[in-house]
Amino acid sequence: MHKTSAWPLALIYVGLIFYASLYPFSDWRDQGIVPWAFLTSPLPKYWTGFDVAINVLGYMPLGFLLVLSALRSGRAPYAVVLATLLAGLLSLSMESLQGYLPDRVPSNVDLSLNTLGAWLGGLMAWSMEKLGVIDRWSRFRARWFVADARGGLVLLALWPLALLFPASVPFGLGQVMERLEAAVAEALQDTPFLDWLPVRDIELQPLVPGIELVCVALGLLIPCLLGFCIIRSVARRALFGGLVFALGVGVTALSAALSYGPEHAWAWFTLPVEVGLVAALVLVVLLLWAPRRASASLMLLALGIYLSLLNQAPASPYLAQTLATWEQGRFIRFHGLAQWLGWLWPYAALVYVLTQVWGRDPKN
């Protein structure tokens, strides 16, 4: 039996499928027909290549992760078949529930394409195992990371995806305070508890360049420190830090290009951001030799400062308006999934690093 990152990633992906399939979770109604009536409905007359691709590609990672988790944990027999059946049952459940949502239309074609995507993803994982790719990854992981690294690896795998949804501040994940206040106020409307909420004397103000610089630097330093918690070798930490910088800058530029248009891909690269990148690079180099527990403690401190500063600034109204009008943004919005990752990633990292600080003393 082997502890694998594929299983928690598969569970996370199931949650994302739930969200994408049942969004916006409102105006549920009963049409008076059985939920599975769509199975015998005529095939749709109109369809697009995007719809076909998104239904197949949307379930491929699930099939891949389910089969990979089975192979890595010693449950190889019938892994592809079982993964395909599980994914098909999940798709059947989602399509059946969509019959109760006015904005969603259940489709037997979508069910077939989802199942096909899961089968293709599972077949890909099985083929990689037969070709020895999975075994080479196991040896690579053993050389690079500590034994119990799957929590950190899952978070690091999700970090670039969280950056896809553009933020008010580059690398600014976890900016939720203003939205949380509004959501709580709306939930408590017309109740006496509304008066219990604290009221600010002034509205949130945009970050000054100096604070933006600090947020940019910490936004890149935090995933580097997360990697330092699970990587021992100084040389490998240096390579990992370079990868984090390259991914962070590249994904942020891609996000800006998809959100605002290709001509604005580097509009976010202002002087405070440039100085913040240099400051982060210096800090990463200085901390390459930090012990694992010290890296976790410093990451905890950095997260506290980072989230405190970011949540003193408002969300950008220009950002919301632009995302509503720029059609290519649908590739990164995908019903808000990337935005939810951007909101929640730092808090998941906070929980993880607390377990590292309070857990048993790791070997350095």
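Sorted fewest first by neighbouring Cβ atoms within 10 angstrom, 135, 30 come out as 30, 135.
As a ratio to 2.2 N^0.38 Å, the alpha-carbon radius of gyration computed for segment 188-300 takes the value 1.42. Residues in segment 222-230 carry Karplus couplings, in order, of 4, x, 5, 5, 4, x, 5, 6, 10 Hz; the curve used is 6.51 cos²θ - 1.76 cosθ + 1.60 with θ = phi - 60°, and Gly or Pro positions show x. Take the alpha carbon atoms of segment 90-116, find their center, do the same for segment 117-154, and report the distance between the two centers in whole angstrom. After rounding, the separation between the Cα centres reads 30 Å.
The ranking of 230, 305, 33, 12 by Cβ neighbour count inside 10 Å, starting from the fewest, reads 33, 305, 12, 230. For the Cα trace of segment 92-198, dividing Rg by the Kirkwood Rh returns an Rg/Rh value of 1.15. Ranking of 190, 110 by neighbouring Cβ atoms within 10 Å, starting from the fewest: 190, 110.
In summary, the convex hull built on the alpha carbon positions of segment 6-144 has an orientation-averaged projected area of 9.9 nm².
Coordinate-derived values only; no laboratory data. The structure displayed is predicted, hence computed values, not measured ones. Heads up, the Cβs are rebuilt from the backbone with ideal geometry, glycines too, and the neighbour counts pull from every protein chain shown.
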